[in-house]
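All remarks here apply to the structure that follows.
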Amino acid sequence: MLILVLNCGSSSLKFQLIETSAEQIQANTDRMLAHGVVERIGASDSKLTFTTAGGARKSAVEPVLRHKDAFEAAFSWLREESGLLKELGEIEGVGHRIVHGGEEFKSSAMMTDDVVRRIEALSDLAPLHNPHNLKGFAAAKALLPEAKQVAVFDTAFHQSMPARSYIYAIPYVFYTRDKVRRYGFHGTSHRYVSYEFARRHGKTRSDYKLITCHLGNGCSVCAIEHGKSVDTSMGFTPLEGLMMGSRCGDLDAGAVLYLLERAEMGQAEVDVTLNTQSGLMGVSGVSRDMRDVLEARARGEERARLAVEAFCYRVAKYVGAYYVAMGGADAVLFAGGIGENSPEVRAMISEPLRAIGLEMDEAANGAARGQQAKISKEGSRLEAWVVPTNEELLIARDTLRCILNIPHE
Ligand code: AMP
């Protein structure tokens, strides 16, 4: 079945066209046929980049005013230029990445009218994401009326967390009335990485206790006990937890109050500062991109050194905490742009984890980039692996499973 996977943001649209089936999932032979991104939707210089797995490519800068126009550009390329589709009707399913499923959605769901209404109602919890995700749904439904639409939530995998992990120590009414609790995000990535690790070993996730580190622009750690998320570092919003490219991660709520009261910053200014000018960017003053910060560190820039050190320290601290929380773990898995590609960062994170039995293999770590590889020494009590994530593939598979009504992995 041909599935279109969509990730619709405020000014961007990302898509992948994936061929999958129950047999292909079983044999791990599902295929990505094309991918594309439209950036700066609404501007006069929107950027479109479309690529097929065979290497055909379109790259253009032109005005794309609405999400619907971005879809039309992508579809006309898929049909007329890429040679992949004769007609749009060949796409039988559309999988939507939906950021927030609240407590309502514990797994992926067909986008019935009722489900769409419930996602809309959750927009309060994710005002920057859910409304845009739904714009993608509206456009896809208009242009592909026959295709089945499925919602795959970033939060769903973490719905298995026990209350002690998700409750914040504030008056309980803020949980019951205002729904303020830890939800966790990146669930599709943590779920995929743990699944893929177990699959490669001929086992299932229930055979392991794993600590997955998704280290990209956004970063989070997840404790996965026998296949279930039992804790994760992102919280009510994706701002909590690890230090990220430009998000602060853990921060004393008192510091936020102080900034609001004493530094005469408005709420919107604090919001922008903590989300877009903090993390690696804020501490290093160089960039939100780990590659730039590592380069500045190599040039001897002190704040870049501090940023990398603080970043790695915080990841190690969470891994240590989750190791204890689960009463031990079998392996630490690294994913995301940084986790998959930076031996330097992985080595720094792993150094203090010797205390819980992780012995890194320097050569294996140095060689592992972008593919699944063991990076700890033979016999290391706690293993470490690089396991590239593939959220789009999991969204495509969930979409197929929802359409065919077969159980989720
Ligand atoms: P993602 O959000 O998963 O695409 O990851 C983006 C992050 O990965 C950025 O901070 C990049 O700088 C980082 N990244 C990608 N390649 C490397 C690399 N070779 N070394 C260090 N960081 C990298």
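Would you compute, for the Cα atoms of the range 248-303, the largest minus smallest coordinate along each principal axis and list the three values in descending order, in whole Å?
Cα spread of the range 248-303 along its principal axes, largest to smallest: 38, 19, 17 Å.
What list of whole percents do you get for P(r) of the range 72-222, with Cα-Cα distances grouped in 10 Å bins up to the one holding the largest distance?
Percent of Cα pairs in each bin: 10, 30, 31, 22, 6, 1.
In a Gaussian network model over the chain where Cα atoms closer than 10 Å are linked, find which of Glu72, Glu39, Glu302 has the largest mean-square fluctuation.
Glu302
Karplus couplings for the range 11-16 from phi (6.51 cos²θ - 1.76 cosθ + 1.60, θ = phi - 60°), rounded to Hz, Gly and Pro as x?
With the stated coefficients, the range 11-16 comes to 9, 9, 9, 10, 9, 9 Hz.
Rounding to the nearest 20 debye, state how big the charge dipole of the range 95-173 is about its Cα centre with +1 on each Lys and Arg Cβ and -1 on each Asp and Glu Cβ. Present the calculation step by step, with values, prior to reporting the outcome.
Numbers: 8 positive and 8 negative charges, 31 e Å.
The calculation lands at about 140 debye.
Figure the gain on full extension for Leu128 and Tyr258 (residue separation times 0.36 nm, minus the Cα-Cα span) and round it to one decimal in nm.
Value of the extension gain: 44.3 nm.
When the helix-only estimate is applied to the chain (DSSP H runs of n ≥ 4, each -39,500 (n - 2.57), divided by the residue count), what is the mean residue ellipticity at 222 nm, nearest 500 deg cm²/dmol?
My calculation for the chain gives -11000 deg cm²/dmol from helical runs alone.
Send over the Kirkwood Rh of the range 42-160, from the inverse of the averaged 1/r over different Cα pairs, rounded to one decimal Å.
Mean inverse Cα-Cα distance, inverted, gives 15.7 Å.
Given contacts defined as C-alpha pairs under 8 Å and at least six residues apart, what's the relative contact order of the chain, whole-number percent? Mind dumping the intermediate values first?
Working: 862 pairs, mean separation 56.4, N = 409.
Relative contact order, the chain: 14 percent.
Once you keep just the Cα pairs under 8 angstrom separated by 6 or more residues, what percentage relative contact order results for the range 161-284?
Relative contact order of the range 161-284: 20 percent.
To the nearest 20 debye, what is the magnitude of the charge dipole of the chain about its Cα centre, counting +1 on the Cβ of each Lys and Arg and -1 on the Cβ of each Asp and Glu?
420 debye
Which residues does the label zone of Lys228 cover in the range 314-342, counting backbone N under 12 Å from a point 7 Å along Cα→Cβ?
Inside the label zone: nothing.
Please work out whether the range 207-332 counts as rounded, prolate or oblate from its C-alpha gyration tensor, where a ≥ b ≥ c are the square roots of the eigenvalues and a/c under 1.5 means rounded, while otherwise a/b larger than b/c means prolate and anything else oblate?
Here the range 207-332 falls in the oblate category.
In a GNM of the chain with a 10 Å cut-off on Cα contacts, which of Ala335, Ala27, Ala142 has the highest mean-square fluctuation?
Judging by the Gaussian network model, the answer is Ala27.
Using a ≥ b ≥ c from the Cα gyration tensor of the range 188-228 (square roots of the eigenvalues), is it rounded, prolate or oblate, where a/c under 1.5 gives rounded and otherwise the larger of a/b and b/c decides, a/b for prolate? Could you put the intermediate results ahead of the total?
On the way: a/c = 2.83, a/b = 1.78, b/c = 1.59.
It is prolate, given that a/c is not under 1.5 and a/b is the larger ratio.
Using modelled backbone amide H atoms (1.01 Å from N, in-plane), which distant-in-sequence or interchain residues come within less than 5 Å of Ser376's amide H?
Amide H neighbours of Ser376, under 5 Å, 5+ apart: Asp361, Ala384.
Per residue, how much space in cubic angstrom lies within the convex hull of the C-alpha atoms of the range 18-61?
Normalising the Cα hull of the range 18-61 by residue number yields 65 Å³.
Give me the lysines in straight-line cross-link reach of Lys374: C-alpha distance below 22 Å, same-chain residues under 8 apart excluded.
Partners found: Lys203, Lys209, Lys317.
In bins 10 Å wide, starting from 0, what share of all Cα pairs of the range 334-409 does each bin hold, as a percent?
20, 38, 20, 18, 5
With only alpha-carbon atoms in the gyration tensor, what are the semi-axes of the equivalent ellipsoid for the range 1-92, in Å, largest first?
25, 13, 11
Provide Rg and Dmax in Å for the chain, with only Cα atoms included in the calculation.
Rg then Dmax for the chain, in Å: 21.3, 62.
Label Arg177 and Glu146 with points 7 Å out from Cα along Cα→Cβ: what is the distance between them in nm?
Distance between label points: 5.2 nm.
Write down the Kirkwood hydrodynamic radius of the range 1-42, to one decimal in angstroms, obtained as one divided by the mean of 1/r over all alpha carbon pairs.
Answer for the range 1-42: a Kirkwood hydrodynamic radius of 11.3 Å.
If you average the sequence gap of Cα pairs under 8 Å that are 6 or more apart and divide by the length of the range 1-88, what percent do you get for the contact order? Each step should come with its number before you reach the end.
On the way: 162 pairs, mean separation 17.2, N = 88.
The normalised contact order for the range 1-88 reaches 20 percent.
State, to one decimal in nm², a quarter of the convex hull surface area for the C-alpha atoms of the range 140-243, i.e. the direction-averaged projected area.
Mean projected area of the Cα convex hull: 9.3 nm².
Looking at the chain, what % of its DSSP beta bridges pair antiparallel, to the nearest 5?
In the chain, DSSP labels about 70 percent of beta bridges as antiparallel.
What are the aspartates and glutamates whose alpha-carbon lies under 13 Å from the alpha-carbon of Lys179, with same-chain residues fewer than 8 places away excluded?
Straight-line reach from Lys179, under 13 Å: Glu103, Glu104, Asp124.
Amide H neighbours of Lys148 under 5 Å, at least 5 residues apart or on other chains, H built in the peptide plane: list them.
Answer set, sorted by chain and number: Gly93, Val94.
Volume per residue, Å³, of the convex hull around the alpha-carbon atoms of the range 265-409?
171 Å³
How far, in nm, would the chain grow between Asp114 and Lys317 when pulled straight, counting 0.36 nm per residue and subtracting the alpha carbon separation?
Taking 0.36 nm per residue and subtracting the Cα distance, the gain is 68.9 nm.
Give the lysines whose C-alpha is closer than 29 Å to that of Lys14, dropping any in the same chain fewer than 8 places away, or say none.
Straight-line reach from Lys14, under 29 Å: Lys47, Lys58, Lys68, Lys86, Lys106, Lys135, Lys141, Lys148, Lys228.
Where a number appears in this text, it was derived from the coordinates with a stated rule and is not lab data. Please read all numbers here as calculations on a predicted model, not as lab measurements. Glycine also receives a Cβ, built like all others from the backbone with ideal geometry; neighbour counts cover every protein chain displayed.
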